[in-house]
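Taking it in order: structure first as structure tokens, then the write-up.
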Amino acid sequence: LPAFPVVAHFPPGGPALLAIDADGDRRPEICWAGGDTIAAHGDSTSLFAVRIDGGGLAGPSHVFATLDRKPLPVLAATVTGDATFGYGPSVFAVTTTFEGAADTLGGRVWLVDHLGAPLPGWPVRLSAHATTPPVLAGVWPSTVVFVGAGNGRVYALRNDGSVVDSSDVALGGPV
């Protein structure tokens with residue numbers, strides 16, 4: 001495309017790219033979680049999107065959200081506009097990394113809109129830290145977010161951040 005290639009900051013090990021109509025313009029954006037760890041960029045805790053013109057969702061920066069911890073590299077998204085035709089805008093689900101027993105912010109699940117704002121009730125802190133990338137099921141607004149946790153359970157969350165259910169029996173270790 002005429003605007004490509006673009007310079008982008010990827011997490012160590014590379015990005016897990018996702019194409020979705022993030023902003024509702026009926027064209028897919030390329031999205032990913034986590035940037036590089038170079039101090040000058042300071043974007044290792046961000047979510048990114050590149051539009052078809054090479055810019056970001058709100059201008060030249062590809063960052064559209066910044067979390068309080070590094071996200072796991074795989075993010076999930078669903079359109080909130082016309083699900084039949086796959087038109088956005090979209091919401092994005094991501095889990096942040098957990099750095100140990102003293103970490104009170106990591107291991108949470110976030111649901112953010114295409115402007116980077118957390119939806120009401122998010123981020124969610126479960127009874128055990130989240131350990132897996134989120135999986136989204138269903139059509140908006142009845143979408144359910146599934147995530148595994150350090151206590152061996154899988155949790156189902158509504159789009160308002162409430163826990164719908166969790167697996168009955170721990171799976172014998174972290175998911």
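Provide the FRET efficiency to the nearest 0.05 for the residue 38-residue 87 pair, computing r from the beta carbons and using R0 = 22 Å.
The formula returns an efficiency of 0.05 here.
Suppose a student asked you for the relative contact order of segment 44-175, using Cα pairs under 8 Å spaced at least 6 residues apart; what percent would you report?
Numbers: 312 pairs, mean separation 21.8, N = 132.
It comes to 16 percent, rounded to a whole number.
Could you work out the local net charge near residue 67, counting Lys and Arg as +1, Asp and Glu as -1, over the other residues with Cβ closer than 12 Å to its Cβ? Write down the numbers at each step before the final one.
Details: positive: 69, 70, 108; negative: 43, 68.
Residues near residue 67 contribute +1 overall.
Which cross-chain or sequence-distant (5 or more) residues have an amide H under 5 Å from the amide H of residue 119, H modelled 1.01 Å from N in plane?
Under 5 Å from the amide H of residue 119: 111, 112, 113.
Please list 44, 142, 90 from largest to smallest accessible area, probe radius 1.4 Å, with all protein chains kept in place.
Listed by decreasing accessible area, they come as 142, 44, 90.
Need one value: the accessible area of residue 140 in square angstrom, 1.4 angstrom probe, rounded to the nearest 10.
60 Å²
Using θ = phi - 60° and the Karplus curve 6.51 cos²θ - 1.76 cosθ + 1.60, what whole-Hz ³J(HN,Hα) does each residue of segment 66-71 get, with Gly and Pro shown as x?
Once rounded to whole Hz, the list reads 10, 9, 8, 9, 5, x.
Go through 134, 174, 121 and say which Cα lies farthest out towards the positive end of the charge dipole of segment 51-175; charges sit on Cβ, +1 for Lys and Arg, -1 for Asp and Glu.
Comparing the listed Cα positions along the dipole, 174 ranks first.
Could you run the Karplus curve 6.51 cos²θ - 1.76 cosθ + 1.60 with θ = phi - 60° over segment 94-107 and give me ³J(HN,Hα) per residue in whole Hz, x for Gly and Pro?
8, 10, 8, 5, 10, 10, x, 4, 7, 7, 9, 10, x, x
Could you state the number of Å between the C-alpha centres of segment 1-32 and segment 60-75?
12 Å
Measuring with a 1.4 Å probe in the full set of protein chains, what accessible area per residue, in whole Å², belongs to segment 37-175?
46 Å²
If you put +1 on each Lys and Arg Cβ and -1 on each Asp and Glu Cβ, how big is the dipole of the chain around its Cα centre, in Debye rounded to 20? Mind showing how you got there, number by number?
Details: 9 positive and 15 negative charges, 42 e Å.
Computed charge dipole of the chain: roughly 200 debye.
The values are calculated or read from the model by the stated rules, or taken from the named source; none is laboratory data. Please read all numbers here as calculations on a predicted model, not as lab measurements. Glycine gets a Cβ as well: all are built from the backbone with ideal geometry, and neighbour counts include every protein chain shown. Surface areas here come from the heavy atoms of the whole protein model, side chains and all, with no ligands, DNA or RNA. Shrake-Rupley method; radii C 1.70, N 1.55, O 1.52, S 1.80 Å.
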